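Everything below concerns the one structure shown next.
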Amino acid sequence: MEIKQEKFTDLYNQTGVPFQYKTLELIKELTNFQATLEFPFTYPTTKGPQLGQSSAIDIIALREKIKKTVFDFGGLVLFFIECKRADPENKIWLFSAPQDNCSVSPSFFLKIIKKTNEFLKLEPNIQRVGSFPGLGYSSAADLNYCLQCVEFRDDLKDINKNKTKTVYTPLLQANHAMSAFFNQEEYYPPKIEGIEFLEIKNGKLISEISEQILFVPVVVTTADLFVTKYNPIKVSDNDGKINPSNIKFDGPKKWITYEFPLPDYLKSYKDFIYDISPTSGNTLIKRGPLKLEVERSTTFIVNSNHWQEFLKNFSFQI
């Protein structure tokens, strides 16, 4: 069979595989990072005749432990990365967020590494407050809190009408993988082939164990990212439209945060040990543990031109 170089290359590029490998190589170029490709997982797991949901995440990356500072908690960071090469029909991603960020709470998924006599256990620690100062989010109030996205054609002639190519698909995949590892891994170190947790070799500790692991879902994309800014009261009562003079489009952005709505099979639960006493007004009394369902997952969407910059500047502080 004759190899038609241009046609073969064009079809191969359409798969997104070259973009996936480039994203991986950019991680491996950095110090203190490790990564593995196409890692399989099943969640929920198979129970009797009910088969689990099996899939694979494009990339899992580990940022190794660093020195704790006022800007970073210093712990391990696991990134669950889905790569999305945007086509001309969905090249521009326009995000919307509530004007009052207080109406949405972020969710940061951590696990505390607890030392016991026999094992190193991983205990869930879902946080509602936190910041990423190295990425320009000096407090939780600075996050983008995006809740909706619409994709435009790169020629701006129409919106994307192909429902199989929306931002929801890679967001779901990244959070599916993150939830699988967060909800299933009970002991340290997690079992991820291709990633070595450096504190342990041959069953012996060779350095101080990290205190926590942060689980971060990420979508890396070639799409251009924009966020709307406008006062909803300016929307017309007659036709439901906003006048061009009353709206701004912030971008293209290097990265944004998206509050992804978790489907029921991916939801996690946060333990609380305090509640309001029914007999003492607003006094908090200990009566736990109580559980609160976590409805959303704070997820990063990163433009591929700034992928290494994102990783180099990534910092998290509670």
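The values are calculated or read from the model by the stated rules, or taken from the named source; none is laboratory data. It should be emphasised that the depicted structure is a prediction, and the values quoted were computed from it without experimental measurement. For neighbour counting, all protein chains shown are included, and Cβ atoms are generated from backbone atoms with ideal geometry for every residue, glycine included.
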Here the qualifying pairs (Cβ atoms under 6 Å; residues six or more apart or on different chains; first in the stretch 257-274 and among the aliphatic types (A, V, I, L, M); second part of a strand (DSSP E or B) and at pLDDT 90 or above) come out as LEU262/SER297
Those strands (runs of 3 or more DSSP E) completely within the stretch 231-318 that have 3 or more residues that are closer than 30 Å to ARG85 by Cα, under 17 Å from the mean Cα position of the chain (by Cα) and at pLDDT 85 or above are 255-261, 296-303
Of LYS161, LYS191, the only residue that is surrounded by fewer than 19 Cβ atoms within 10 Å (Cβ to Cβ), of a type in the set (D, E, K, R), out of contact with any Pro (no Cβ under 6 Å at 6 or more places or on another chain) and modelled with pLDDT under 85 is LYS161
Any residue at all in the stretch 85-104 that's of a type in the set (Ser, Thr, Tyr), assigned to a loop (DSSP other than H, G, I, E, B) and surrounded by fewer than 18 Cβ atoms within 10 Å (Cβ to Cβ)? no
Within the stretch 147-190, residues being over 21 Å from the mean Cα position of the chain (by Cα) and either part of a strand (DSSP E or B) or hydrophobic (A, V, I, L, M, F, W, C) (or both) number 4
Counted residues in the stretch 134-146 being in contact with a helix residue (DSSP H, G or I) (Cβ under 9 Å, 6 or more places away or on another chain) and in a loop (DSSP other than H, G, I, E, B) come to 5
In the stretch 39-84, residues that are farther than 24 Å from TYR145 by Cα, in a loop (DSSP other than H, G, I, E, B) and of a type outside the set (A, V, I, L, M, F, W, C) total 15
LYS115 passes all but one of the listed conditions (1) surrounded by fewer than 14 Cβ atoms within 10 Å (Cβ to Cβ); (2) farther than 28 Å from GLY194 by Cβ; the exception is number (2)
ILE60 within 22 Å of PHE316 (Cα to Cα) and in contact with a Leu (Cβ under 7 Å, 6 or more places away or on another chain): yes
Over the stretch 219-238, the set of residues touching a Phe, Trp or Tyr at 6+ places or on another chain (Cβ under 8 Å) and in contact (Cβ under 8 Å) with a residue 60 or more places away in the chain is VAL219, VAL220, THR221, THR222, ALA223, ASP224, LEU225, PHE226, VAL227, THR228
Looking across the stretch 23-37 at residues that are in a loop (DSSP other than H, G, I, E, B) and not β-branched (Val, Ile, Thr), the single one that is surrounded by the fewest Cβ atoms within 10 Å (Cβ to Cβ) is GLU29
Picking from PRO133, PRO88, the residue that is within 23 Å of SER304 (Cα to Cα) and modelled with pLDDT under 85 would be PRO88
GLN20 - would you say it is loosely packed, with under 13 Cβ neighbours inside 10 Å and at negative phi? no
Do we find that PHE226 is surrounded by 15 or more Cβ atoms within 10 Å (Cβ to Cβ), among the aromatic types (Phe, Trp, Tyr) and at pLDDT below 95 in this structure? no
Counting only residues that are touching a helix residue (DSSP H, G or I) at 6+ places or on another chain (Cβ under 9 Å), surrounded by 15 or more Cβ atoms within 10 Å (Cβ to Cβ) and either modelled with pLDDT of 95 or more or at positive phi (or both), the stretch 38-62 contains a total of 5
